[in-house]
Amino acid sequence: MVAGYMATTVVALSVAGAALLAPWLASRGSGLAAGLYHSYHQICHQNPSRCFVLFGHPVAACGRCLGIYIGFLAGCLVYPLARSLFSARVPRPRMFVLLSLPLGLDVLANMLHLWDLGNGFRFSTGVVWGFILPFYFLAGLTDLILRRLAFRRPTT
């Protein structure tokens, strides 16, 4: 369980970090930047008007996606302070709905052209939603590991 937590946190740090690394690499003329932008383009629209700019170049993910990545990382870092790494208990479904609501409403309002509150708001709703995800993912991973361990135990 600890290894699963550590691997998840390292991946979350890598995903969030690489999105922020891409503009720095681009500002230095590195060819690695193009590969990072291409990788993130597979899951994010990368609309320049919805991306933060660092080092004179857009971040490799839009504000909302970046918020989700950073929120997920923050959730991973807080997780062991809030729950045991050996617990497969997930938060109540209403907590998921409550923390998904801001992002869902913002996406819907943007699609219907009701409002556009900007990248800061998109980022914030992404952080809130991303933060709750590790509490489900890591609990599910723990449950999977515990079930596999129970399945492997010899019966006496």
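General remarks:
- Count of residues meeting criterion [among the charged types (D, E, K, R) and under 19 Å from A19 (Cα atoms)] in the stretch 108-154: 1
- Test: residue in the stretch 80-95 that is β-branched (V, I, T) and loosely packed, with under 11 Cβ neighbours inside 10 Å: no
- Flag for S30 being surrounded by 13 or more Cβ atoms within 10 Å (Cβ to Cβ) and in a helix (DSSP H, G or I): no
- Residue within the stretch 124-146 that is farther than 25 Å from L77 by Cα and modelled with pLDDT under 95 present: no
- Residue list for the stretch 33-79, restricted to those being surrounded by fewer than 13 Cβ atoms within 10 Å (Cβ to Cβ) and of a type in the set (V, I, T): I43, V53
- Some residue of the stretch 39-56 being at pLDDT 95 or above, part of a helix (DSSP H, G or I) and either of a type in the set (F, W, Y) or touching a Leu at 6+ places or on another chain (Cβ under 8 Å) (or both): yes
- Test result for L146, surrounded by 13 or more Cβ atoms within 10 Å (Cβ to Cβ) and under 24 Å from Y5 (Cα atoms): yes
- So A16, is it in a helix (DSSP H, G or I), modelled with pLDDT of 95 or more, of a type in the set (A, V, I, L, M) and touching a helix residue (DSSP H, G or I) at 6+ places or on another chain (Cβ under 8 Å): yes
- Residues in the stretch 71-83 include none that are out of contact with any Gly (no Cβ under 7 Å at 6 or more places or on another chain), outside any helix (DSSP H, G or I) and under 18 Å from Q46 (Cα atoms).
The values are calculated or read from the model by the stated rules, or taken from the named source; none is laboratory data. Quick caveat: nothing in here was measured; it's all calculated off a predicted structure. Don't worry about glycine lacking a Cβ; one is built from the backbone with ideal geometry, like all the others, and counts go over all protein chains shown.
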